[in-house]
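One structure is given here, and the rest of the page talks about it.
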Amino acid sequence: MKKIELDIVALSHSVTQSHNYAVVLGEQNGTRRLPIVIGGFEAQAIAVAMERMAPNRPLTHDLFKNAFETFSIDLKEVIINNLLDGIFYARLVCERNGEVYEIDSRTSDALAMAVRFNCPIYTYEFILDAAGVVLEEPEGSGTAKKASTTRSGGGTGTASTAKQRPTKGAALNTYSVEELTRLLDEVLGKEDYEQAAKIRDEINRRKEEG
């Protein structure tokens, strides 16, 4: 089957499942989007890698990446290869010493690994036909936007464009960019990657508007 390459175009709170998040994959050179509901831990893992944050200690997916590199295993691509009863399935396509191996994976974990290895993400036409949505409005710049539709998906990390209070009595939009940058350093030191992702979203929003 022909593979269709996807990019991660959005990461936000799920609008249908309050305790989960939605990652939206976009068809390259196309208008179809594939929304997938994932858990908080995996959303956090994806956001940390996308924002190039540096945890004080390796997260689980960083550990897997370090193990792959230690044993000379290269993650070549991720394929979302099936959709059964609303659940997406994925495989990691790896290469070691010229041999190719495929490893079964939850889609959320596969995406967290893909952003760390900077490898392509693929799916098939029948999956986009069944679960994809057509983009009605043009996308802006490469920053993440809220997904308007979500589908069930495997996995449970944290990132969201929703604003929450970083400290008592102060919302993110009340901080200057300099204050947000200092606050970002503080929360990274505390390994609060959920709050760090929100602060980084606010900083990026300010830069776009400025």
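The values are calculated or read from the model by the stated rules, or taken from the named source; none is laboratory data. Note that the coordinates shown come from a computational prediction; the quantities given were computed from them, not determined experimentally. Ideal geometry is used to build each Cβ from the backbone, glycine not excepted, and the neighbour counts take in all protein chains shown.
Below is a table of values for the structure above.
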| read-out | value |
| --- | --- |
| For Ala54: the one exception among (1) at pLDDT below 80; (2) closer than 18 Å to Tyr21 by Cβ; (3) in the same structural domain as Ser12 (by TED's automatic domain parsing) | (2) |
| Where Ala49 falls short, out of the listed (1) on the phi > 0 side of the Ramachandran plot; (2) part of a helix (DSSP H, G or I) | (1) |
| Test: Leu83 is over 17 Å from Cys119 (Cβ atoms) and assigned to a helix (DSSP H, G or I) | no |
| Only one of Gly86, Gly39 that is farther than 16 Å from Glu5 by Cβ, small (Gly, Ala, Ser) and surrounded by fewer than 18 Cβ atoms within 10 Å (Cβ to Cβ) | Gly86 |
| Residue that is nearest to the chain's Cα centre (by Cα), among those in segment 43-64 that are of a type in the set (A, V, I, L, M) and crowded, with 20+ Cβ neighbours inside 10 Å | Ile46 |
| Qualifying positions in segment 72-118 - β-branched (Val, Ile, Thr) and more than 18 Å from the chain's Cα centre (by Cα) | Ile73, Val93, Val100, Ile103 |
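Results for (1) at pLDDT 90 or above; (2) assigned to a helix (DSSP H, G or I); (3) closer than 24 Å to Ala131 by Cβ, shown as yes or no for each residue.
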| site | (1), (2), (3) |
| --- | --- |
| Leu6 | yes, no, yes |
| Ser18 | no, no, yes |
| Pro35 | yes, no, yes |
| Ala43 | no, yes, yes |
| Phe64 | yes, yes, no |
